[in-house]
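Take a look at the structure set out below.
Derivation of every value follows stated rules applied to the coordinates shown; laboratory data play no part. Remember, it's a predicted structure, so these values are computed and weren't measured experimentally. Because the Cβ atoms are built from the backbone with ideal geometry, glycine has one as well, and the counts that use them run over all protein chains shown.
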Amino acid sequence: MKRIMNLAGILFLLAVISAAASAAGCRDLAAADSAKGGLADGRYAVDVVLSGGSGKAGVESPTLLIVENGMYLAEIRWSSPNYDYMVVDGVTYDNLSTDGGNSAFRIPVLAFDEEMPVIADTLAMGAPHEIAYTLHFYSDSVGSESTLPREGARRVLIMAAVIIIAGGILNYFANKKRRNDYLGAKR
């Protein structure tokens, strides 16, 4: 019975460690906000709104914001796999998606809290067409990378794996104790 109680304590400890890791992400963000001259190098989430075009296309929001040496890069993931390049401030950026999934681009963020013009080339209309869009990045929405949908899903999977493994260990010891009780003390 003591082993079962110890395992319950271990499960509780794992939950506390997970919560501490989440809190650390928030502390990292607070440190980044206080950094002089903008965000500290790291990975964040930021809300982005797409406008222009036919209104049928969209981008994932929040999106990944990467800060490297004071440069802001956003990973724009479209709602379609049909975009082959984007043009931002005269520079062409190729599609990063190689698995046939929705088109993704790592582009510079030239401005926060105002419209940023971009061009995206789509193959969806039979022939390539460049379409003018604007992206609006909201500075007040910058937060921990863990708020991204794919990060949340990954954390859920990790916690599920921990619970399944811990449950298996707990089940092993409970069955062992039950077997010992049934058969009598080990000889």
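Placing unit charges on the Cβ atoms only, positive for Lys and Arg and negative for Asp and Glu, gives segment 40-141 a dipole magnitude near 260 debye about its Cα centre. Picking from V109, L135, V67, whose Cα lies most toward the positive end of the charge dipole for segment 40-141 (charges on Cβ: Lys, Arg +1; Asp, Glu -1)? Ranked along the dipole, the leading option is L135.
Measuring how big segment 40-141 is from its alpha-carbon positions, Rg and Dmax come out at 13.0, 43 Å.
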